[in-house]
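The values are calculated or read from the model by the stated rules, or taken from the named source; none is laboratory data. Every value quoted in this text rests on a predicted model; they were computed, and no experiment measured them. So basically every Cβ, Gly included, is an ideal-geometry build from the backbone, and we count neighbours across all protein chains shown.
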Amino acid sequence: MKRIVQLYLFLAAAFVYNANAQDLIADNTTPAKQKTTIYLLPNVYPAVVIDGDTVACMSLHDFIKYSPLRFASNREQVQYTKLIRDVRKTLPYAKEIAVIITETYEYMETLPDDKARQRHLNQMEKYLYDAYKPKMSKLTRSQGQLLMKLVDRETNSSSYHIVDAFMGTGKAVTYNFFASLFGNSLKKRYNPYAEDRLTERACVLVEQGVF
């Protein structure tokens, strides 16, 4: 599992630009052409000035509102609180792993042959394993199991399928065997409508910034 779970760091850059003023299409009742200036408010949102009024432009994401949970016991409430904690810790890893998988696959498609692809994969695997093994080793067993589920959530692929695609069936079978020794399975899928319903709720609330 540790060879699957890696971090991918990003640096964010802010881009500021000024758009040229452009003519609006005037109708028959408009005596003169009007001009609209489009610009970015510093570190806020793009804005459009129309007839002297500044109108902010923004994209609104879907917001999911859940009904309050009713717990049958204090034990259930404690378990849900622990789930929220674990999701907050592992969901960012799962999203970064999804980016790694996508970018690695796309880059390997540009390489000339299998030998070059395998060489790149081995180099990347060693670098990420050495760089991020200390962080991954801090995950508890339950967090590691949750992380594999969340990787499936972000990639729509089981951990077994990912290992099989990148490292071959032999390694996939071997890793799955060792996972089974700890009561786990790389083939286990994420099901947000049944057993992982509360996990999905926790993920959505974390993504929306509620927790």
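Out of Val16, Val87, Val99, Val78, which single residue is at pLDDT 80 or above, over 30 Å from Ile162 (Cβ atoms) and outside any strand (DSSP E or B)? None of the others qualify; the one that does is Val78. Under the condition of being under 14 Å from Leu83 (Cβ atoms), without any contact (Cβ under 8 Å) to a residue 40 or more places away in the chain and not charged (D, E, K, R), the residues counted in the stretch 181-209 number 1. Of all residues in the stretch 193-203, those that are more than 16 Å from the chain's Cα centre (by Cα) and not small (Gly, Ala, Ser) total 5. Suppose the filter is farther than 30 Å from Val210 by Cα, surrounded by 12 or more Cβ atoms within 10 Å (Cβ to Cβ) and at pLDDT 55 or above; does Ile50 pass it? Yes; evaluated as a whole, the condition is true for this residue.
Taking the stretch 179-196 on its own, how many of its residues are at pLDDT 80 or above and either in a helix (DSSP H, G or I) or in contact with a strand residue (DSSP E or B) (Cβ under 8 Å, 6 or more places away or on another chain) (or both)? Reasoning before the result, please.
Quick first cut of the stretch 179-196, residues at pLDDT 80 or above only: 180, 185-196.
The next check asks that each one be either in a helix (DSSP H, G or I) or in contact with a strand residue (DSSP E or B) (Cβ under 8 Å, 6 or more places away or on another chain) (or both); those that pass are 180.
Looking only at that region, the number is 1.
Filtering the stretch 162-205 to residues that are out of contact with any Asp or Glu (no Cβ under 6 Å at 6 or more places or on another chain) and of a type in the set (Ser, Thr, Tyr) leaves Thr169, Thr174, Tyr175, Ser180, Ser185, Tyr193, Thr199. Within the stretch 167-177, one or more residues are surrounded by 11 or more Cβ atoms within 10 Å (Cβ to Cβ), outside any helix (DSSP H, G or I) and either modelled with pLDDT under 85 or basic (Lys, Arg) (or both). Just so you know, in the stretch 76-107 the residues that are under 15 Å from Val210 (Cα atoms) and among the aliphatic types (A, V, I, L, M) include one that is surrounded by the most Cβ atoms within 10 Å (Cβ to Cβ), and it is Val87. Among the residues of the stretch 115-156, those identified as crowded, with 16+ Cβ neighbours inside 10 Å and either of a type in the set (Ser, Thr, Tyr) or under 16 Å from the mean Cα position of the chain (by Cα) (or both) are Tyr132, Leu146, Leu147, Met148, Lys149, Leu150, Val151, Asp152, Arg153, Glu154, Thr155. Checking every residue in the stretch 139-149 against the condition of being assigned to a helix (DSSP H, G or I) and more than 24 Å from Ala202 (Cβ to Cβ) gives zero matches. Condition check for Ile101 on (1) over 30 Å from Asp196 (Cα atoms); (2) in contact (Cβ under 8 Å) with a residue 24 or more places away in the chain; (3) β-branched (Val, Ile, Thr): one failure, at (1). A count restricted to the stretch 178-211 and to residues that are among the hydrophobic types (A, V, I, L, M, F, W, C), more than 23 Å from Phe71 (Cα to Cα) and surrounded by fewer than 16 Cβ atoms within 10 Å (Cβ to Cβ) stands at 3.
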